[in-house]
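Taking it in order: structure first as structure tokens, then the write-up.
The values are calculated or read from the model by the stated rules, or taken from the named source; none is laboratory data. Not measured: the values here are computed from a predicted model. Every residue, glycine among them, receives a Cβ derived from its backbone with ideal geometry; neighbour counts consider all protein chains shown.
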Amino acid sequence: MSARVGDRNSALARTGTCKGPFAKKPLQFIVGVMTGAPPPGEAIDVRDLRALRALAHPLRMSLLGALRSDGPSTASRLAERLGESSGATSYHLRQLAGFGFVEELPGEGTGRERWWRAMHRSTRWDTDELLDQPGGREVVDELTDRIVAHQRRMLAAFAAERESTDEEWRAAASLNDWALRLSPARARELIGELNDVVQRWRDEHEEDGQPLVHVLLDLFPLRSYPL
């Protein structure tokens, strides 16, 4: 496993415009397995604050993340995986469908056992645009908290699994932490370039049958560096 250290930072790193499974994301990846077909669409650009407010619900974020990473599933299967009731997962899947995040899989399942799939591989939104709307800051803050918590869980899962990961993947995995002095404008330019690089790799270099690799892109200032 490689790690890059920038300035005084330790060798550890990890979501303007937001990209990724849920939002904008210094460069790092985690290996997972995609067990089903990827969603049909590339990204959904969300401008409706109501849609983001709906997405901010913790169970809905988990449902959407599961459908994006594992492929199509049913409410009962998702309920078993997430430790919820099938009634709860069914209700929240319908809420996600109402805003275009998921859909019933055409020609699959029955009325009692409907199959659902994610409509897009990622969700994007413009933070500045949302902050101009009434209640926008509260929704952005809530989503940010949930994304940070989700990234903690991803990193914890990687740490827990790395000893059982095969040697080739342990050598390929990378945790990076950079620090550099930038203005807000140049920081936006940098994260835009990094997102473009990952998007190009997704468009041109994905390999069928290979594990799902998670790239986390985070860029932020800190008043005081945590020691």
Q. Looking at this structure, is residue 151 farther than 30 Å from residue 184 by Cα, in a helix (DSSP H, G or I), in contact with a Lys or Arg (Cβ under 7 Å, 6 or more places away or on another chain) and modelled with pLDDT of 90 or more?
A. no
Q: Output yes when any residue across region 179-201 is over 20 Å from residue 124 (Cα atoms), among the polar types (S, T, N, Q) and touching a Lys or Arg at 6+ places or on another chain (Cβ under 6 Å), and no when none is.
A: no
(Q) Just to verify a result, which residue in region 119-148, among those that are hydrophobic (A, V, I, L, M, F, W, C) and not in a helix (DSSP H, G or I), is surrounded by the most Cβ atoms within 10 Å (Cβ to Cβ)? (A) 125
Q) Only one of (1) surrounded by fewer than 13 Cβ atoms within 10 Å (Cβ to Cβ); (2) more than 26 Å from residue 62 (Cβ to Cβ); (3) of a type in the set (D, E, K, R) fails for residue 170. Which number is that? A) (1)
Q) So, in region 173-201, of the ones that are assigned to a loop (DSSP other than H, G, I, E, B) and not basic (Lys, Arg), which residue ends up surrounded by the most Cβ atoms within 10 Å (Cβ to Cβ)? A) 173
Q | All positions within region 202-227 that are closer than 25 Å to residue 152 by Cβ and either among the aromatic types (Phe, Trp, Tyr) or part of a helix (DSSP H, G or I) (or both) | A | 202, 220, 225
Q: Out of the residues in region 66-81 that are in contact with a helix residue (DSSP H, G or I) (Cβ under 8 Å, 6 or more places away or on another chain) and surrounded by fewer than 17 Cβ atoms within 10 Å (Cβ to Cβ), state the one that is nearest to residue 105 (Cα to Cα).
A: 76
